[in-house]
Amino acid sequence: MQIFEVKLDNISTSYMYKGAVYYTVTINDKKVDTNPIFSSSIFSKHLLEDYNNKTVIGLFDETLNKFY
């Protein structure tokens, strides 16, 4: 895994996880999706308003093509 800094500004609705959204970020000129862990629900651990349009540092798994 590698560490990258990305901006969470390209949001999509997850149809498999009701009420959750995920972001598509660009890493090394490649589009990569995050897990659908973000939500505006009051029970969410990762509130959408805390992450939307923010720059974050995370891990990129090239084997699974996922950003965490």
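The values are calculated or read from the model by the stated rules, or taken from the named source; none is laboratory data. Remember, predicted model here, so these are calculated numbers, not experimental data. Cβ atoms come from the backbone with ideal geometry, glycine included; neighbour counts cover every protein chain shown. Calculation scope for accessible area: heavy atoms of the full protein, side chains included, ligands and nucleic acids excluded. Shrake-Rupley method; radii C 1.70, N 1.55, O 1.52, S 1.80 Å.
Number of residues in segment 47-63 that are within 12 Å of Phe4 (Cβ to Cβ), open to solvent by 90 Å² or more (accessible area, probe 1.4 Å) and part of a strand (DSSP E or B) equals 1. Mind listing just one residue for me: the one in segment 15-41 that is among the aromatic types (Phe, Trp, Tyr) and not in a loop (DSSP other than H, G, I, E, B) and, of those, farthest from Gln2 (Cα to Cα)? Once the filter is applied, the top-ranked residue is Phe38. When Ser12, Ser44 are checked against the criterion of being assigned to a loop (DSSP other than H, G, I, E, B) and surrounded by 10 or more Cβ atoms within 10 Å (Cβ to Cβ), Ser44 stands alone in meeting it. Taking the listed residues Tyr23, Tyr68, the one that is touching a residue at least 12 places away in the same chain (Cβ under 8 Å) and surrounded by fewer than 16 Cβ atoms within 10 Å (Cβ to Cβ) is Tyr68, with no other qualifying.
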